[in-house]
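Q: This structure is in structure tokens; I'll ask about it shortly.
The values are calculated or read from the model by the stated rules, or taken from the named source; none is laboratory data. Note that the structure is a prediction, hence the values are computed from the model and not measured. Here the Cβ positions follow ideal geometry from the backbone for every residue, glycine too, while neighbour counts run over all protein chains shown. We work out accessible area using only protein heavy atoms, side chains counted, and drop any ligands, DNA or RNA first. Shrake-Rupley method; radii C 1.70, N 1.55, O 1.52, S 1.80 Å.
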Amino acid sequence: MEKLKLGDFNRLRIVKKVDFGLYLEAGVEGEILLPQRYVPEQYAIGDELDVFVYLDNEERPVATTEQPLARVGDFAYLEVAWVNQYGAFLKWGPMKDLFCPFREQKKRMEVGKSYIVHVHVDEESYRVMASAKVDRYLQPGDYVAGQEVDILVWQKTDLGFKVIINNQSAGLIYEDQIFQPVHTGDRLKAYIHTVREDGKIDLTLQPTGRQLALDFSATLLQYLKDHGGVCDLGDKSDAEEIKQRFQVSKKTFKKGIGDLYRQRLISVEPTAIRLL
């Protein structure tokens, strides 16, 4: 049997039933409890269950079928449930809150507020912990321009938003590339724009190049169909109006118009377009 993965899902075999739940075989860890509240309606001794394993209040491994908000190795945006003289405790799904000691906080965490943290197993105490000093857990990745990735929005800066790419690497979306509301903690699809020589990564929230124009031309065509065949914005319209309406740049808007015009689907006026 593989070593038990603390703070993660494990596939464990049911070995016996007791009044307060099921005991599961966990290799060198012995048997661990799945409390009665998580026991499935249908099961048999010898069945295997996918369970999340963490430490209870007495530092014993315990299983649950609850879905956590984060697992060991994840970056996540978690809310502070309570604070004591040792640190903050974050809501993460399992019954026991996730501990973030003061030494792992950039600034003192406050109850009710949420923070980007990294979840890991502390090497000294063998406890699952959170750290708000996420920089130390970021790693370089192998990315190419145009690649679609998953991002977690990390923090606002003077340039735009820092993000975490594919639960691994740091990146940046510049302010002038953002055409929709964005907040810390948002999980979004994004696209690699540039991988710099120093390894820094710039992203956009829209597909790049020709694919973006094709995607937007389809959006614009549907907009015309839904609005009586008329859009009161044209290639001479203000860029901010276009951004507010369609969440794209004026350059992308004009490319979309050009694509539909070449297909002879629209007529174009300075401040309007019409479906033919």
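Q: Tabulate in residue order the Karplus-calculated ³J(HN,Hα) for the stretch 14-23, using 6.51 cos²θ - 1.76 cosθ + 1.60 with θ = phi - 60°, rounded to whole Hz; enter x for Gly and Pro.
A: 3J(HN,Hα) across the stretch 14-23, in whole Hz: 6, 10, 6, 9, 10, 4, 9, x, 10, 9.
Q: Also, I was wondering about something else. For the stretch 132-204, run through the trypsin sites (Lys or Arg not before Pro) and keep only the ones in DSSP coil with at most 14 other Cβ atoms within 10 Å of their Cβ.
A: Numbers: sites: LYS133, ARG136, LYS156, LYS162, ARG187, LYS189, ARG196, LYS200; in loops: LYS133, ARG196, LYS200.
In loop regions of the stretch 132-204 (DSSP not H, G, I, E or B), the sparsely surrounded trypsin sites (Lys or Arg not before Pro) are LYS133, ARG196, LYS200.
Q: Still on this model: With θ set to phi - 60° and the Karplus curve 6.51 cos²θ - 1.76 cosθ + 1.60, what are the ³J(HN,Hα) couplings of the stretch 167-175 in order, to the nearest whole Hz, using x for Gly and Pro?
A: Here the 3J(HN,Hα) series is 6, 9, 10, 8, x, 9, 10, 5, 3 Hz.
Q: Turning to a different aspect of this structure: Please state the charge dipole magnitude for the stretch 203-273, taken about the Cα centre, from unit charges on C-beta atoms (+1 on K and R, -1 on D and E), reported in debye and rounded to the nearest 20.
A: Working: 11 positive and 9 negative charges, 61 e Å.
Approximately 300 debye in magnitude.
Q: Further, regarding this structure: Around LEU138, which amide H atoms from residues at least 5 apart in sequence, or from another chain, sit under 5 Å from its own amide H, with H modelled in the peptide plane?
A: none
Q: Could you point to the residue in VAL134, GLY87, LEU205 farthest towards the positive end of the chain's charge dipole, with +1 and -1 charges on the Cβ of Lys/Arg and Asp/Glu respectively?
A: LEU205
Q: Have a look at the DSSP beta bridges in the chain and tell me what percent are antiparallel, nearest 5. Intermediate results must be reported in sequence, preceding the final value.
A: On the way: 62 of 66 bridges.
Looking only at bridges with both residues in the chain, the antiparallel portion is about 95 percent.
Q: What number comes out for accessible area per residue over the chain if the probe is 1.4 Å? Units Å², please.
A: That works out to 56 Å² for each residue.
Q: Share of the stretch 149-276's accessible area from carbon and sulfur, percent, 1.4 Å? Walk me through the numbers on the way to the answer.
A: Details: 3420 of 6990 Å².
Its accessible area is 49 percent carbon and sulfur atoms.
Q: Let me ask something else about it. What length, rounded to one decimal in nm, is gained on full extension from LEU276 through to ASP142, with 0.36 nm per residue of separation minus their alpha-carbon distance? Write out the running numbers ahead of the final one.
A: Details: separation 134, 0.36 × 134 = 48.24 nm, distance 4.57 nm.
Difference between extended and current length: 43.7 nm.
Q: Shifting gears a bit: How many angstrom separate the Cα center of the stretch 97-164 from the Cα center of the stretch 21-51?
A: One Cα centre to the other: 32 Å.
Q: How long, wide and thick is the stretch 1-106, going by the Cα atoms along their three principal axes, in whole angstroms, largest first?
A: 47, 27, 23
Q: With a 10 Å cut-off between alpha carbons and a GNM built on the chain, which of LEU220, LEU90, LEU172 moves the most?
A: Judging by the Gaussian network model, the answer is LEU220.
Q: Something else about it: Just add up the charged neighbours of LEU33: K/R +1, D/E -1, any other residue whose Cβ is under 10 Å from the Cβ of LEU33.
A: On the way: positive: ARG60; negative: GLU31, ASP56.
My count for the surroundings of LEU33 gives -1.
Q: Where does the longest stretch of the chain lie that holds no chymotrypsin sites (Phe, Trp or Tyr not before Pro) found in a DSSP loop with 14 or fewer other Cβ atoms within 10 Å?
A: Working: sites that count: PHE20, TYR43, TYR86, TYR126.
With a cap of 14 other Cβ atoms within 10 Å, the longest stretch comes to 127-276.
Q: Can you give the accessible area of HIS227, probe radius 1.4 Å, in Å² rounded to 10?
A: 90
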